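Note sheet for the following structure.
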Amino acid sequence: MFDSVIIGAGVAGCVAARELAEAGRKVLVLEKREHIGGNCYDEPDEHGILIHKYGPHIFHTKERAAYDYLSRFTKWREFGHEVVANVHGKLIPVPFNLNTLHMVYDQDKADELEKKLIDAFGLESRVPILKLREHEDPQIREIADYVYENIFLHYTMKQWGQKPEEIDPAVTGRVPVLISRDNRYFQEPWQGMPLEGYTPMFEAMLDHAAITVQTGADAGERMTFREGRVELDGEAFDGEVIYTGPLDELFGCRFGRLPYRSLRFDFEYFDREDYQGHSVVNYTVSEEFTRITEFKYLTGQKAPGTTIVKEYPFAYTGAEGEIPYYSIANDANQALYERYRALLDEYPRVRPLGRLAEYKYYNIDAMVLRALELTEQIKRDKEV
Ligand code: FAD
Ligand code: UDP
């Protein structure tokens, strides 16, 4: 009855389903949560405030193709996302930039340091904190030490349970020191929020006559993957399967669980117009949570009340109800992932896709492009 089964209705699954449906396949989407959209899912809370149930998601890209693709399914609220850090009660722009420099040093010293930074790296450059710390000039190292101690060390300890120098440098590299006066968190040309929210955008994507979506449907209970054979509801299934869940779970975690960081989200509603005056405040030297998001500032919603969320990171254990959010990039974990990946050799028509199945960090835009790439490949394979 179906040509393709897609497991998971996050960005990866929704884009893949749409592409295969448009190529003439009959597609079944199985999603174990009660809703589509994966971690991008948003919904109005009981007070009517549009919240992101799994943490704040801001679309940002330099890839026109990713923006154009999503624009088929949504209009945009375009805005430049800004974040501030609460450092001992003072709010300063993050990423640390030349404006931040002038807020933490007195005028003369800031002028002198600004000149040094521009001479050393050039205006508009982006310098990873770990690189800045290695600089030969002691005054530049002094700035680096300030940024390391007040922006990165404690936040990273909370988020990852490890110091910045102990984690994959690409992670802290996402938030470099900016030798510019740009206070925005992202510098890409397209950034903003789907005008009506993420969930309507994914609903539009899945709204196709050839797509059947089943929520509350755990593939683990509907499908088996044994000795190179795939079964769906007790019958052999020979079509494509795109799997966007954790790869270890597909094989009963037989080599042990892949490690992830998880998050607990604590939402609070306040019966007043404003809570913090900013969309996101990072707590980089204090508190157990990493950041507070006030949704109205992301979505532009006008309402007499406001809802915030605090994020508390912890190590994922696989216990019921926990969600694996961030893969932890290191050699040992990659080796474990590769062992699971090798088990897929027996299943040439089962394709892993997404931040869980590929054990890889993807932003939304990169996820869209990767899903398009994979479905193009599937369509080409079919032709030969
Ligand atoms: P998911 O969204 O995780 O979707 C996978 C889906 O598969 C889930 O719905 C899951 O329930 C389902 N599933 C798993 N196993 C099964 C099963 N056995 N049966 C059926 N269904 C199953 N990106 C940005 O671009 N901008 C941001 O601001 C941003 N902020 C983020 C903030 C946080 C806190 C996090 C964690 C991520 C953020 N991201 C952001 C990244 C973004 O969430 C990912 O790019 C995106 O979610 C990846 O989509 P996906 O489909 O791979 O994964
Ligand atoms: N980071 C930090 N302090 C900040 C912001 C980021 O230490 O104020 C570090 C932290 O290690 C984080 C990484 O930079 O995990 C990447 O930040 P990003 O905002 O991209 O994290 P994510 O979107 O994954 O939550």
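Within the stretch 140-161, take every residue that is open to solvent by 40 Å² or more (accessible area, probe 1.4 Å) and more than 9 Å from ligand 2 (Cβ to nearest atom) and give me the one that is nearest to residue 97 (Cα to Cα).
146
If we keep just the residues of the stretch 170-189 that are open to solvent by less than 50 Å² (accessible area, probe 1.4 Å) and not in a loop (DSSP other than H, G, I, E, B), which is nearest to ligand 1 (Cβ to nearest atom)?
Result: 171.
Considering only the stretch 40-105, give the strands (runs of 3 or more DSSP E) lying wholly within it that have at least 3 residues that are modelled with pLDDT of 95 or more.
42-44, 50-52, 59-61, 83-87, 90-94
Of all residues in the stretch 169-197, how many are farther than 15 Å from residue 124 by Cβ and more than 10 Å from ligand 2 (Cβ to nearest atom)?
Adding up the residues that qualify gives 9.
So, in the stretch 130-169, exactly how many residues are among the acidic types (Asp, Glu), in a loop (DSSP other than H, G, I, E, B) and touching a residue at least 12 places away in the same chain (Cβ under 8 Å)?
2
Can you go through 117, 123 and tell me which one is out of contact with any helix residue (DSSP H, G or I) (no Cβ under 8 Å at 6 or more places or on another chain) and in contact (Cβ under 8 Å) with a residue 24 or more places away in the chain? Walk me through how you get there before you give the answer.
On the way: 117 fails: out of contact with any helix residue (DSSP H, G or I) (no Cβ under 8 Å at 6 or more places or on another chain).
123 is the lone residue from the list that is out of contact with any helix residue (DSSP H, G or I) (no Cβ under 8 Å at 6 or more places or on another chain) and in contact (Cβ under 8 Å) with a residue 24 or more places away in the chain.
Would you check if there is a residue in the stretch 316-327 being surrounded by fewer than 20 Cβ atoms within 10 Å (Cβ to Cβ), free of Cβ contacts under 8 Å to residues at least 40 places away in the same chain, among the small types (Gly, Ala, Ser) and under 25 Å from residue 291 (Cα atoms)?
yes
Please state which of the following conditions residue 55 fails to meet, knowing it meets all the rest: (1) within 16 Å of ligand 2 (Cβ to nearest atom); (2) open to solvent by 30 Å² or more (accessible area, probe 1.4 Å); (3) at positive phi.
Among (1) within 16 Å of ligand 2 (Cβ to nearest atom); (2) open to solvent by 30 Å² or more (accessible area, probe 1.4 Å); (3) at positive phi, the lone unmet condition for residue 55 is (2).
Please enumerate the residues belonging to the stretch 269-291 that are more than 12 Å from ligand 2 (Cβ to nearest atom), open to solvent by less than 70 Å² (accessible area, probe 1.4 Å) and touching a residue at least 40 places away in the same chain (Cβ under 8 Å).
Matches in the stretch 269-291: 278, 279, 286, 289.
The values are calculated or read from the model by the stated rules, or taken from the named source; none is laboratory data. Keep in mind that this is a model prediction, so the values were computed, not measured. So basically every Cβ, Gly included, is an ideal-geometry build from the backbone, and we count neighbours across all protein chains shown. When the accessible area is computed, the model is the full protein with side chains, heavy atoms only, and any ligands, DNA or RNA have been set aside. Shrake-Rupley method; radii C 1.70, N 1.55, O 1.52, S 1.80 Å.
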